[in-house]
Amino acid sequence: MNRAEALQILKEYTKSDALLKHMYAVEAAMRWYAKKYSEDEERWGVTGLLHDFDYEMYPTAPDHPLKGSEILKEKGVDEETRKAILGHATYTGIPRDSQMAKTLYACDELCGFIMACSVIRPNKIADLEVSSVKKKLKDKAFARNVSREDISEGTAGLGIPLDEHIGNVIQAMRAISPELGL
């Protein structure tokens, strides 16, 4: 599936601007990592783009992402992509046994957190530093719905230091900052 086809699905099922921006951010991070790992950027990007497409229709576990996976299967999305999307939700029990699945899990919550850090800054993401994100991670009241445990566990799954991962995701999101409203 290419990006244009994925966007059709996304726009069909998702109306929330904030949720769309989240998926664009995860797509950018996935493309950034695909390039780093010499993987298929389009496939990884589509995986990031579609990972929450069903959330508005099925916001409760385990419907999201299980029902979404069935929709994607009907639309011809390959098994590895669907498995990565299923694995981004810890409660599905689907193992993250591919680099793509590990990366999606590592980027999902962090993208949301970086977005939250950026929107409160005068220059948004333009001058956001890793140290600022790490400081906000320690503040449990800030963006309290973002799972710090998922960020930590996801980063560990990538096998890179947290500072590096945060920097990579900031860089990826900066590249599409106008699309994200940042």
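With runs of 4+ DSSP H residues as the only contributors, calculate the mean residue ellipticity of the chain at 222 nm using -39,500 (n - 2.57) per run, divided by the residue total and rounded to the nearest 500.
Calculated at 222 nm, the ellipticity per residue is -20500 deg cm²/dmol.
In a fully extended conformation the segment linking K75 and A61 would gain 2.8 nm over its present Cα-Cα distance, using 0.36 nm per residue. The residue list G93, L128, G68 was ranked by how far each Cα lies along the charge dipole of the chain toward its positive end, using unit charges on Cβ atoms, and L128 comes out on top. Rounded to the nearest 0.05, what FRET efficiency do K135 and K15 have when you use their Cβ-Cβ distance and R0 = 35 Å? About 0.55, to the nearest 0.05. One Cα centroid belongs to region 1-44, the other to region 144-173; the line between them spans 18 Å. With only the Cα atoms considered, region 23-65 has a convex hull volume of 63 Å³ per residue. For a paramagnetic label modelled on E153 (point 7 Å from Cα along Cα→Cβ), amide N atoms under 11 Å away are absent within region 1-39. For region 94-181, the set of trypsin sites (Lys or Arg not before Pro) satisfying both a DSSP loop assignment and a count of at most 13 other C-beta atoms within 10 Å is given as K140, R144. Note on region 3-180: Cα-Cα pairs beyond 29 Å make up 14% of the total pair count.
Only one residue of P178, S152, S118 has its Cα farthest out toward the positive end of the dipole of region 116-182, where Lys and Arg carry +1 and Asp and Glu -1 on Cβ, and that residue is S118.
With only Lys, Arg, Asp and Glu charged, each at its Cβ (+1 for the first two, -1 for the last two), find how big the charge dipole of region 3-180 is about the Cα centre; round to the nearest 20 debye.
Using Cβ point charges on Lys, Arg, Asp and Glu, region 3-180 gives about 620 debye.
As a rough footprinting exposure proxy, the listed residues E39, E5 were ranked by other beta carbons within 10 Å of their own, and the order from fewest upward is E5, E39.
Annotation: the residues T47, T90, sorted from fewest to most other C-beta atoms within 10 Å of their own C-beta, follow the order T90, T47. Between the helical axis of 63-74 and the longest alpha-carbon principal axis of the chain there is an angle of about 50 degrees.
Can you tell me, using C-alpha contacts under 8 Å and at least 6 residues apart, the relative contact order of region 1-98 as a whole percent? Reported relative contact order: 25 percent. Taking other C-beta atoms within 10 angstrom as a stand-in for reagent exposure, T103, T81 fall in the order T81, T103, fewest first. Shown here for region 53-160: GluC sites (Glu not before Pro) in loop regions (DSSP other than H, G, I, E, B) with at most 16 other Cβ atoms within 10 Å, namely E56, E129.
Every number in this text was worked out from the coordinates using simple rules, so none of it is lab data. Predicted model only: the values in this text are computed from it and were never measured. Methodologically, a virtual Cβ is constructed for each residue, glycine included, from the backbone with ideal geometry; neighbour enumeration extends over all protein chains shown.
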